[in-house]
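Working notes, beginning with the structure itself.
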Amino acid sequence: MTSLSFLVGVVGNIISVLLFLSPLGTFCRIVRHRSTEEFESFPYICTLLNSALWTYYGVTKPGSLLVATVNGFGIVVELIYVALFLIFAPPRIKAKTGILFGVFDVGFVAATVLGTQLILGGEMRIDVIGFLCAGLNILMYGSPLAAMRTVMTSKSVEYMPFLLSFFVFLNGAIWTLYAVLVKDYFLGVPNGIGFVLGIAQLLLYAIYSREHNNKSSKTSSDELENEWQIREPFVSSSTSTNMDEKNHV
C-alpha cells in the first residue's frame with residue numbers, strides 16, 4: 001500500500017506541475033500583447049496562497065515530502081504569473097492585484113506561520129494548518145468560477161483556457177485517490193470538490209465551444225451563400241452578353 005501511495009503521489013506531482021504550467025499559453029499572450037485583457041488575477045493569487053500553505057503543511061507533517069516539493073515548485077511559478085499581472089495589467093487591475101497579493105500571499109501566510117509556530121505544537125499545529133489548507137484549496141478550485149461566469153455571459157470559452165480546466169480535473173482526481181490511500185482527509189475533501197468542479201468546467205467548455213463552432217459554421221455558410229448571390233448576376237449577365245453577340249453575328 002505504501003509503494004502504491006508513493007507511486008500515486010509521484011503521478012500527482014507530475015500532474016500538479018502540468019497544472020501549474022498550463023496557463024503558460026495565456027501568459028505568453030499577455031506578454032505578446034502587453035496587456036492582461038479580460039483575464040483575472042484572482043485565481044493566481046489563490047493558487048500562490050494555496051501552494052505556500054500546502055508547502056508549510058508538507059514540511060510540518062512527517063511523511064508529506066511529496067506535498068511539499070510540488071507546492072514549492074508552485075510557489076515559484078505562481079510568483080512569476082502574479083508579477084506579470086503587476087507589470088501588464090491596467091492600473092485598476094494592477095492595484096487590485098497588488099492589494100490582494102499583500103493581504104493574502106504575504107500577510108496571511110506570515111500570520112499563519114508565526115501563529116502556528118508560537119501558539120500551537122504537535123498534532124494540533126498539523127490539524128490547524130490542514131484545516132486552513134483544505135479551506136483554501138476549495139477556494140483555489142472555486143476561483144475559476146469567475147471565468148465560468150464570463151463564459152456563460154459572453155457565450156465564449158476564450159477566457160477559460162481548456163488546459164487549465166483539464167488539469168484541474170486530473171489534479172483533483174489523482175490527489176483524491178492519493179488522499180484515500182494515505183487516509184489524509186485534509187487532502188481528500190478539497191481535491192474531491194476540485195474533481196467535481198473540474199468536470200463542471202469541462203462540460204461548460206464542451207457546451208460553449210460547440211455553440212461557437214456551430215455559429216462559425218453558420219456564418220461561413222451564410223457568407224458563401226451571399227458571395228454566390230452576388231456573383232450570380234454577373235454570371236447571368238455574362239451569359240446574356242455572349243448570347244447577344246452570337247445572335248448579332
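Computed quantities for the displayed model
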{"item": "Euclidean distance of C-alpha centroids, segment 73-107 and segment 162-186, integer Å", "result": "26"}
{"item": "Shape of segment 1-212, Cα gyration tensor, a/c cut at 1.5", "result": "oblate"}
{"item": "Segment 1-212, relative contact order in percent, only Cα pairs under 8 angstrom and at least six apart counted", "result": "26"}
{"item": "Calculated FRET efficiency for the pair Phe131/Val11, C-beta based, R₀ 30 Å, to 0.05", "result": "0.70"}
{"item": "Of the GluC sites (Glu not before Pro) in segment 1-100, those whose Cβ has at most 12 other Cβ within 10 Å and which sit in DSSP loop", "result": "Glu38"}
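FYI, it's all coordinate maths here, none of it is from the lab. If you're wondering where the values come from, they're calculated on a predicted model, not measured in any experiment. Using ideal geometry, Cβ is built from the backbone for each residue, glycine included, and neighbour counts are taken over all protein chains shown.
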